[in-house]
Each structure stands twice: as C-alpha cells, then as structure tokens.
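J.: Structure below; questions to follow.
The values are calculated or read from the model by the stated rules, or taken from the named source; none is laboratory data. These numbers come from a predicted model, not from an experiment. Every residue, glycine among them, receives a Cβ derived from its backbone with ideal geometry; neighbour counts consider all protein chains shown. The area values use the complete protein model at the heavy-atom level, side chains included, leaving out ligands, DNA and RNA. Shrake-Rupley method; radii C 1.70, N 1.55, O 1.52, S 1.80 Å.
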Amino acid sequence: QVRLVESGGGLVQAGGPLRLPCAASGSMFSINTMGWYHQAPGNQRELVATITSGGSTNYADSVKGRFTISRDNAANTVYLQMNSLKPEDTAVYYCKTRVGPLTYWGQGTQVTVSS
C-alpha cells in the first residue's frame, strides 16, 4: 500500500515561484518512478514531469525551463519547483506513482496563479 500526500499549493502572482512537496509512504519509494500531473477545470489530467529512481527527468513542453522535479529518497519525498508561474498553470496538482500493476494518486493540491 502506498499513500501520497501533496502540499504547498496556494495563490501566487504571475511570475512568482511555488514549491510542491509530495510525501510518500511505503518502502518502495526509492525504486519507483514518481510523477507530477495537473488538471485544470474542464480539462483532462495531464503530465507535468516525471523522475525515475535514478534521477532521470522528463517534462511537458509547457513547463520546460520553468519547473524542476527532484526527489529525496531518504525523506520519501518528491518535489516540484515551479518558477515563472503563469495564469495558465492554474490547476490541481497531483502526485502519482505505480507499484507493479497498481497506480496510486495523491489527493491533489490547488495552485492558483493570478495575473
């Protein structure tokens, strides 16, 4: 069983930064690929960034150069550092991992960027 808990969301002005942590339970954290996704109202949930157990990263084109995903395996936590935020980044941000055939999601944290 894996439990993911996101935090760090809030209201921020355009151009500002925000850092989202996702704390994971379970001893499998260090060997799992972790991902951040977001979902704006009326839209599908979309990939933002992923990071493998070895630290390889992948980003959506819309966030490249602005967002950075990282992980601290000792703390069972994955982070999303978001810089130069834009109003179109407004969404609920979710943390995700997969263990074997099972996919786990956190409850999400709201990020709102004002113009």
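J.: Please indicate, with yes or no, whether at least one residue in the range 86-94 is among the acidic types (Asp, Glu) and modelled with pLDDT of 95 or more.
T.: Within the range 86-94 (the criterion being among the acidic types (Asp, Glu) and modelled with pLDDT of 95 or more), the answer is yes, since at least one residue qualifies.
J.: Sticking with this one: Please go through the range 1-29 and give me each residue that is over 16 Å from residue 79 (Cβ atoms), open to solvent by 30 Å² or more (accessible area, probe 1.4 Å) and among the small types (Gly, Ala, Ser), ordered by number.
T.: 14, 15, 25, 26, 27
J.: While we're here: Let me confirm something: among 32, 83, which residue is open to solvent by 30 Å² or more (accessible area, probe 1.4 Å) and in contact (Cβ under 8 Å) with a residue 24 or more places away in the chain?
T.: 83
J.: Still on this structure, I have one more. Write out, first by first residue and then by second, each pair whose Cβ atoms fall under 8 Å of each other, whose residues are 6+ apart or on separate chains, and whose first residue, in the range 93-115, is farther than 20 Å from residue 71 by Cβ while the second is of a type in the set (S, T, N, Q).
T.: Final answer for the pair search is 112/90; 113/13; 113/90; 114/13.
J.: From the set of residues in the range 40-68 that are among the small types (Gly, Ala, Ser) and part of a loop (DSSP other than H, G, I, E, B), which is surrounded by the fewest Cβ atoms within 10 Å (Cβ to Cβ)?
T.: Filtering first and then ranking leaves 42.
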